[in-house]
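The values are calculated or read from the model by the stated rules, or taken from the named source; none is laboratory data. In this text the structure is predicted, and so the values were computed from the model without any measurement. Positions of Cβ are generated from backbone atoms using ideal geometry, with glycine treated the same way; all protein chains shown enter the neighbour counts.
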Amino acid sequence: MPKPLPYEYKYLRSSKRFPHVWCPGCGIGIVMGSIIRAIDALRWKKDDIVMVSGIGCTSRMPVYVDFNTLHTTHGRALAFGTGVKMGNPDLKVMAVMGDGDSLAIGGNHIIHAARRNMDITAIIVNNNNYGMTGGQFSPTTPIDAKTATTPYGMIEPSFDICELMKGAGANFVARGTVYHIIELDSLLKQAFDRKGFSVVEVLAPCPTNFGRANRLGGPVEMMKLLKDNTITQGQAAKMDPDKVEGKTLRGIFVDRNIGSYMERYNALCASVEEAAGGMQ
Amino acid sequence: MIVPWGETKLIQGNEAVALGAVAANIEFFAGYPITPSTEIAELLARYMPLLGKPWIQMEDEIASISALIGARLAGAKSMTATSGPGFSLMQEGLGYACMAEVPLVLVNVMRSGPSTGLPTQTAQGDIMQARWGTHGDHPVIALAPCSVEECFKLTIRAFNLSEEFRTPVILLPDEIIGHMRERVTFPAEDSVQIVPKPVPDVPVEWYEHYHPTPTNISPMASFGSGYRFHVTGLTHDTHGFPTRRKPEVDAKMERLKHKITRHLDKLEDVRMHDVEDSRVVVFAYGSVYRSALAAQELLKKKRKKIGVFRPVTIWPFPDRTVKECLDDKDVVLVPELNQGQLIHEVERMTSDEVRVIPLHRVDGYEITPEEIVASVMEVM
């Protein structure tokens with residue numbers, strides 16, 4: 001087993017909270033490592049960082065990292081995070097969520113956080129199902145896929161997380177995978193560095209539930225699927241359109257700088273205070 | 001200056017709540033529009049930017065109370081305002097705040113239910129929802145104002161109690177109190193006591209977010225203060241990390257209970273008028289208490305004497321005082337704007353010798369003094 005790099009240790013509650021709850025072959029730990037490397041590259045102070053989560057496998061992440069950490073109720077990570085950011089705008093707030101947490105029960109909160117362009121980095125680990133409760137279908141379960149609650153196959157279409165977030169108004173939208181790890185480190189670093197609402201969707205395997213139900217093989221085979229079934233937008237542009245069909249695109253889909261919520265709220269306060277001062 | 005300190009004004013109950021929040025140094029408001037509480041959010045939308053403090057209209061009530069908890073963990077004293085259906089949605093976050101011991105103030109201007117009910121009309125239907133609405137055993141503090149002036153004072157008290165006990169506090173005006181206009185004389189600013197946030201003074205490495213103390217109430221750091229800690233809705237140890245070990249689970253649950261039950265003297269707040277030497281007592285709260293006082297006057301003219309007993313703090317229920325003061329009465333009449341909620345607590349604390357009689361009204365209108373007089377005359 002590869003050892004964590006020494007600098008990764010200093011971001012972990014390593015002496016107390018491990019071993020973790022994740023299954024062998026789960027992708028969530030890889031995302032946690034990537035988050036840590038991105039933060040280390042940005043030289044952020046641990047005291048200034050708040051990691052918020054909801055409920056589910058991904059949402060267990062905050063307990064392992066040595067930031068200010070907030071494990072909330074199902075789907076509400078972004079609502080709690082909005083309060084944290086407004087309560088103390090100096091804090092750097094990230095929300096780590098699964099696909100069910102962020103898009104089903106938390107669907108309303110994520111579209112409104114994106115619309116407001118609230119200053120939060122949302123990291124969505126998409127493993128296509130609810131892992132913690134035993135592999136039920138989620139809003140990103142592919143059509144025809146088998147899960148504990150789609151024993152005859154999934155009939156509902158899926159959300160495309162990146163398209164959804166683009167339409168809802170996020171400042172930065174990207175997709176990576178836990179196989180393309182250098183790329184993921186870079187995407188997360190850029191997302192953290194943006195003002196406003198930034199979203200990174202990370203495709204990750206759930207061999208225990210989704211993989212087993214759909215006979216996708218073990219952890220290695222599922223990693224290979226991420227390698228084979230995804231391409232960058234640059235690769236897609238050079239490829240025969242027939243071959244692009246069925247592949248999932250990686251990379252940055254939105255990178256714009258429309259004023260963030262906190263910028264607009266601060267400007268509002270300044271203007272009303274000035275107007276009130278003028279009246280006196 | 002937003003709060004008219006020292007002045008006398010004709011204002012609305014909801015306005016008094018908003019001013020009380022400013023007086024208590026509110027630092028964050030999140031809410032969702034709902035009748036009959038909306039004026040509180042509207043007024044704070046004007047005041048908060050003037051104070052340079054954050055205010056937000058969230059996408060629903062669940063998001064509102066969730067944002068409140070986040071903001072208070074980041075150090076900002078927080079309040080929301082809602083009514084019955086929104087209060088139902090907020091039960092999720094209310095339970096989280098109880099479990100994670102996060103101070104906040106939740107104003108529920110009570111309207112008629114169940115469900116959408118009579119949105120613009122009064123009720124006291126959320127008394128039991130305030131006590132048991134969220135799942136699991138949990139501590140609750142709830143206060144019921146009876147006047148516009150009390151909306152101001154009890155909002156400040158709600159903030160103070162939430163900080164002192166590190167727990168959510170629910171303010172329960174009924175619609176009549178929220179929308180009524182009355183004269184309010186504001187106190188001098190320096191006469192209002194504001195309880196400071198319970199910040200820790202230990203070195204960072206010694207900090208426990210739920211440090212056991214003799215009072216069962218622990219100092220609380222904020223995110224960004226240098227004390228890094230974990231907060232979860234899972235049952236947790238004194239550091240805030242999840243646990244399933246029996247001694248730690250028991251300790252947490254006992255502490256949650258005891259931080260209220262061992263401070264009843266600080267929380268109890270009752271008003272009594274001629275209770276001691278009356279055989280018949282009316283037990284009433286909120287707007288109904290005002291009718292009960294008027295009924296007492298009407299009955300005096302008929303040379304009939306009744307007492308009036310009012311809990312200002314509804315939860316925790318004033319068990320001991322009710323037993324002491326009402327258990328020797330012939331009749332306790334409990335008029336409520338519901339089909340009988342707090343009456344069960346009165347029955348619980350009085351023996352079978354005492355006739356505890358309900359008076360209900362659930363059509364969205366007030367219980368009048370005449371209705372109380374008629375009920376009293378029947379039993380006298």
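Considering each residue of region A:52-65 in turn, at least one proves to be within 8 Å of another protein chain (Cβ to nearest Cβ) and more than 25 Å from A:T208 (Cβ to Cβ). When region A:40-80 is limited to residues that are over 16 Å from the mean Cα position of the chain (by Cα) and in a helix (DSSP H, G or I), the one that is farthest from B:S225 (Cα to Cα) turns out to be A:A41. Checked against (1) touching a residue at least 60 places away in the same chain (Cβ under 8 Å); (2) within 14 Å of chain B (Cβ to nearest Cβ); (3) among the aromatic types (F, W, Y), A:Y130 passes all but a single condition, namely (2).
Just checking, how many residues over region B:229-263 are more than 10 Å from every other protein chain (Cβ to nearest Cβ) and either among the hydrophobic types (A, V, I, L, M, F, W, C) or touching a Pro at 6+ places or on another chain (Cβ under 8 Å) (or both)? Final tally of qualifying residues: 11. When A:V244, A:V272 are checked against the criterion of being among the aliphatic types (A, V, I, L, M) and either exposed (fewer than 10 other Cβ atoms within 10 Å of the Cβ) or within 14 Å of chain B (Cβ to nearest Cβ) (or both), a single residue qualifies: A:V272. Taken together, B:M90, B:M79 contain a single residue that is more than 9 Å from chain A (Cβ to nearest Cβ) and within 22 Å of B:G136 (Cβ to Cβ), which is B:M90. A single member of B:F317, B:F283 is in contact (Cβ under 8 Å) with a residue 40 or more places away in the chain and not assigned by TED's automatic domain parsing to the domain that holds B:M128, and it is B:F283.
What about B:V199, is it part of a strand (DSSP E or B) and either among the hydrophobic types (A, V, I, L, M, F, W, C) or not assigned by TED's automatic domain parsing to the domain that holds B:A16 (or both)?
no
Does B:E324 satisfy the criteria of being within 26 Å of B:H258 (Cα to Cα), surrounded by fewer than 16 Cβ atoms within 10 Å (Cβ to Cβ) and over 23 Å from the mean Cα position of the chain (by Cα)? Answer is yes for this residue. Is it the case that some residue within region A:133-156 is surrounded by fewer than 19 Cβ atoms within 10 Å (Cβ to Cβ), of a type outside the set (S, T, Y) and within 14 Å of chain B (Cβ to nearest Cβ)? No, every residue in region A:133-156 fails to be surrounded by fewer than 19 Cβ atoms within 10 Å (Cβ to Cβ), of a type outside the set (S, T, Y) and within 14 Å of chain B (Cβ to nearest Cβ). Of the residues making up region B:46-75, those that are surrounded by fewer than 24 Cβ atoms within 10 Å (Cβ to Cβ) and touching a residue at least 40 places away in the same chain (Cβ under 8 Å) number 4. In summary, A:W44 fulfils each of the numbered conditions (1) surrounded by 24 or more Cβ atoms within 10 Å (Cβ to Cβ); (2) more than 9 Å from chain B (Cβ to nearest Cβ) with the single exception of condition (1). Taken together, B:I65, B:I26, B:I34 contain a single residue that is in contact with a helix residue (DSSP H, G or I) (Cβ under 7 Å, 6 or more places away or on another chain) and within 14 Å of chain A (Cβ to nearest Cβ), which is B:I65.
Comparison of A:G100, A:G83 shows that the only residue that is assigned to a helix (DSSP H, G or I), touching a Lys or Arg at 6+ places or on another chain (Cβ under 8 Å) and crowded, with 24+ Cβ neighbours inside 10 Å is A:G83. Within region B:81-128, the residues that satisfy the criterion of being closer than 17 Å to B:V140 by Cα, over 15 Å from the mean Cα position of the chain (by Cα) and part of a loop (DSSP other than H, G, I, E, B) are B:E101, B:V102.
For the condition over 22 Å from B:M377 (Cβ atoms), out of contact with any helix residue (DSSP H, G or I) (no Cβ under 6 Å at 6 or more places or on another chain) and among the aliphatic types (A, V, I, L, M), B:I314 qualifies. No other residue among B:D274, B:D265 is within 20 Å of the chain's Cα centre (by Cα), over 19 Å from B:R131 (Cβ atoms) and not polar (S, T, N, Q) apart from B:D265. Within region B:283-311, the set of residues being among the small types (G, A, S) and under 10 Å from B:I372 (Cα atoms) comprises B:S291, B:A292, B:A294, B:A295. Only residues that are within 12 Å of chain A (Cβ to nearest Cβ) and under 22 Å from the mean Cα position of the chain (by Cα) were counted across region B:37-54, and they come to 0. For region B:59-78, does any single residue satisfy the condition of being within 14 Å of the chain's Cα centre (by Cα) and among the polar types (S, T, N, Q)? Among the residues of region B:59-78, not one is within 14 Å of the chain's Cα centre (by Cα) and among the polar types (S, T, N, Q), which makes the answer no.
For region B:118-138, the set of residues classified as surrounded by fewer than 21 Cβ atoms within 10 Å (Cβ to Cβ) and either among the charged types (D, E, K, R) or more than 16 Å from B:M90 (Cβ to Cβ) (or both) consists of B:L118, B:P119, B:T120, B:Q121, B:R131, B:D137, listed by residue number. When A:I120 is tested against the conditions (1) more than 8 Å from every other protein chain (Cβ to nearest Cβ); (2) under 19 Å from A:V254 (Cβ atoms); (3) in contact with an Asp or Glu (Cβ under 8 Å, 6 or more places away or on another chain), the lone failure is (3).
Looking at this structure, is A:G81 touching a Phe, Trp or Tyr at 6+ places or on another chain (Cβ under 8 Å), within 7 Å of chain B (Cβ to nearest Cβ) and under 17 Å from B:Q57 (Cβ atoms)?
Against the criterion (touching a Phe, Trp or Tyr at 6+ places or on another chain (Cβ under 8 Å), within 7 Å of chain B (Cβ to nearest Cβ) and under 17 Å from B:Q57 (Cβ atoms)), A:G81 does not qualify.
Testing B:T215 on (1) assigned to a loop (DSSP other than H, G, I, E, B); (2) modelled with pLDDT of 95 or more; (3) not hydrophobic (A, V, I, L, M, F, W, C), one condition comes back false. Which one is that? Going through (1) assigned to a loop (DSSP other than H, G, I, E, B); (2) modelled with pLDDT of 95 or more; (3) not hydrophobic (A, V, I, L, M, F, W, C) one by one, B:T215 breaks only (2). Right, B:A374: hydrophobic (A, V, I, L, M, F, W, C), assigned to a helix (DSSP H, G or I) and within 23 Å of the chain's Cα centre (by Cα) or not? Spelling it out, it is not the case that B:A374 is hydrophobic (A, V, I, L, M, F, W, C), assigned to a helix (DSSP H, G or I) and within 23 Å of the chain's Cα centre (by Cα).
For region B:135-149, a tally of residues being touching a Cys at 6+ places or on another chain (Cβ under 8 Å) and β-branched (V, I, T) returns 1.
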